[in-house]
Amino acid sequence: MNHPLPETGPDRQFQSHVADGHLWIQHCSDCGGAIFHPRVLCPHCGSLALEWRRASGRGTVYSRADLIQKPKPGETEPRHHALVLVDLDEGPRMMSRLPDVAPEEIRIGMRVQARIAGDPGEYAVVFDPEEAAE
Amino acid sequence: MSGLRGGAAIVGVGTAGLGEAPGFTAMDIQALAVRQALDEAGLALSDVDGLFCANMSHTFPAISTLEYLGLRPRWIDGTNTGGSSFVGYATSAAMALQAGLCDVALICYGATMRSGAGRMVPAAEQPTYEIPHKPRYPMTAYAMAAARHMAEFGTTREQLAEVAVAARGWAQKNPDAFERDPLSIEDVLASRMVMEPLTLRDCCLLTDGAGAVVMTRPDRARDLAQTPVYFLGGGVASYNRAVSEMPDLTTTAAKDSGARAFAMAGLRPSDMDVLQLYDAFTINVILFLEDLGFCAKGDGGSFVSGGRIAPGGALPVNTNGGGLSFTHPGMYGVFTLIEAARQLRGAAGARQVPGAATALCHGNGITLSHQATAIFGRAETL
Ligand SMILES: [Zn+2]
């Protein structure tokens, strides 16, 4: 028999959970592992018993990179596009940005707090420095 | 000991269209590299019955290749693990040859990224949860690995620059190399910062180019035109596609692929005479020297300092000039095999490592996503 499908796919589930403005991630009911990116099975143990939980949103910058591009026509300063990898306190790592922090201020090891940005159905997780978030 | 050790040999290698090949397609220059590899072996296209092929320009690379070349192979392996594919094929070709699935294995690649598309063509599918943040693949992954290595172990930009300078030193001895002008540590540090902490000179070239390698079983290899270069061991390892899924950005799966290759070969890092390590970015060489066991984790920066991997240094690495200075047509892996074969035949000209009897090739795929290692040796290492 064809394997039954969950009610919706994991990407849609993620979008509907984070619509409340908080970061949600999956947890495995069998091994307890925390999971990101969203999936239909646990990459730690293979279980299908996954549940969504609201995450603390807190994490630590694991690494960073800053793309430096030539200035736009009429501008003098180069354009920066800084990306980070954040280790969530719950365990998983995610790629993201710190939109309100100058690239040169982003430090490996700095504490950050998640924020949900973007439009419904296309939400993405960005981060702010932990102090500024509360 | 694995039956694959010594179970296959490289009998022909070829390159074509290195640098710029305007007006030619990937398939055109690939065909010329294939002809060169077969010609020097004393074999014909009609002898090839095993095909091992991947690229980024064709949806079905092996099928397009066999049609262009007029092959009707009885065994095809199109496993695409990125630029590491071709180093992985050394093991799968040895396996197919030993299993009798084919008698003459052709490993090939071609791309015209420089004159054709004019840029690095990223893969069609990219990680869903990274894309909204607009990463620049593949560089973002390597810049993040470099930044983490620097933060964790104190690796410096000068040490990264040593890798680029060593590659250029070798390239100056290779008439086929794309970049042969003198390059100093200061030049690397002063070059344009592309993605902090990597400058333009920390990044590989973007060229056209094609490469081909022909392998047979040893009995046949001994009757062919070139000194056989024996496959001694190989291994692959992979844990993740996206860099955000990589467990530790300072330790790659090369730790496992290398251990598997050394175990099959019955050899250790100290037994290796020359290394060909896929250097898409300077940090790669430091990571792979550590993960393959040539120095301790975190010591790669100091290990490469003082010209240790440059011409005249204690450990010759990327003797063709590597992806940094020789050629980099999007996927570089096949060129590690070609240079290893030339070194072990003693046919590497001004860049020849005297008496080289063993060589290690290491391929890296995608964004530190897949690692493949293969070890080769001359007849006396069997
Ligand atoms: Zn689990």
Please work out whether the protein assembly as shown counts as rounded, prolate or oblate from its C-alpha gyration tensor, where a ≥ b ≥ c are the square roots of the eigenvalues and a/c under 1.5 means rounded, while otherwise a/b larger than b/c means prolate and anything else oblate? prolate
On Cα atoms only, tilt of B:85-98 relative to the major axis of chain B in degrees: 30
Helix B:26-41 versus the longest principal axis of chain B: what angle, 0 to 90°, nearest 10, using Cα atoms? 60
So, with points 7 Å from each Cα along the Cβ direction, the residue A:76-residue A:100 label distance in nm works out to 2.9
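R0 = 30 Å: FRET efficiency of residue B:314 with residue B:192, Cβ-based, nearest 0.05?
0.40
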Give me a single rounded figure for B:128-137: the average over its residues of other chain Cβ atoms within 10 Å of their Cβ. 6
Taking the simple approach of a point 7 Å from Cα along Cα-to-Cβ for both residue B:46 and residue A:5, what is their distance in nm? 5.4
Can you sort A:108, B:131 by 1.4 Å-probe accessible area, starting with the largest? B:131, A:108
Would you tell me the accessible area of residue A:36, worked out with a 1.4 angstrom probe on the heavy atoms of the protein chains, in Å² to the nearest 10? 20
Would you please name the GluC sites (Glu not before Pro) within the range B:100-196 that are DSSP coil residues with at most 11 other C-beta atoms within 10 Å of their C-beta? B:125
Around residue B:105, what is the net charge, scoring Lys/Arg as +1 and Asp/Glu as -1 over all other residues with Cβ under 13 Å from its Cβ? -1
Cβ neighbours within 10 Å from other chains - mean over A:53-65: 4
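For peptide A:93-102, how many partner chain Cβ atoms fall within 10 Å of a residue's Cβ, on average? Show your work: numbers first, answer last.
Numbers: counts 7, 6, 14, 5, 4, 0, 1, 0, 0, 0.
If you average over the peptide's residues, the count of other-chain Cβ atoms is 4.
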So what's the gap between the Cα centers of the range B:271-340 and the range B:140-190, to the nearest angstrom? 11
In what sequence, highest mean first, do B:133-139, A:4-10, B:10-16, B:355-361 appear when ranked by Cβ atoms within 10 angstrom? B:10-16, B:355-361, B:133-139, A:4-10
Can you compute the FRET efficiency between residue B:72 and residue B:270 using 1/(1 + (r/R0)^6), with r the Cβ-Cβ distance and R0 = 45 Å? Round to the nearest 0.05. 0.50
Fraction of accessible area attributable to carbon and sulfur, the range A:43-100 (%, probe 1.4 Å): 45
Rounded to the nearest 10 Å², what accessible area does residue A:29 have for a 1.4 Å probe in the complete protein model? 70
Name the residue farthest towards the positive end of the dipole of the protein assembly as shown from the options B:301, A:63, B:88, assuming +1 on Cβ of Lys and Arg, -1 on Cβ of Asp and Glu, about the Cα centre. B:88
Tell me which aspartates and glutamates have Cα within less than 13 Å of residue B:134's Cα, excluding those fewer than 8 residues away on the same chain? A:66
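Given the alpha-carbon gyration tensor of chain B, what are the semi-axes of its equivalent ellipsoid in whole angstrom, ordered largest first, with each equal to the square root of 5 times an eigenvalue?
Listed largest to smallest, the semi-axes of chain B are 30, 23, 20 Å.
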The range B:67-109 to the range B:15-65: how many Å between their Cα centroids? 12
Would you mind classifying the range B:247-317 by shape? Square roots of the alpha carbon gyration tensor eigenvalues, ordered a ≥ b ≥ c; an a/c under 1.5 is rounded, otherwise it is prolate if a/b is larger than b/c and oblate if not. oblate
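The values are calculated or read from the model by the stated rules, or taken from the named source; none is laboratory data. The structure displayed is predicted, hence computed values, not measured ones. For neighbour counting, all protein chains shown are included, and Cβ atoms are generated from backbone atoms with ideal geometry for every residue, glycine included. Each accessible area value is taken on the protein alone, full model and side chains, heavy atoms only, with ligands, DNA and RNA left out. Shrake-Rupley method; radii C 1.70, N 1.55, O 1.52, S 1.80 Å.
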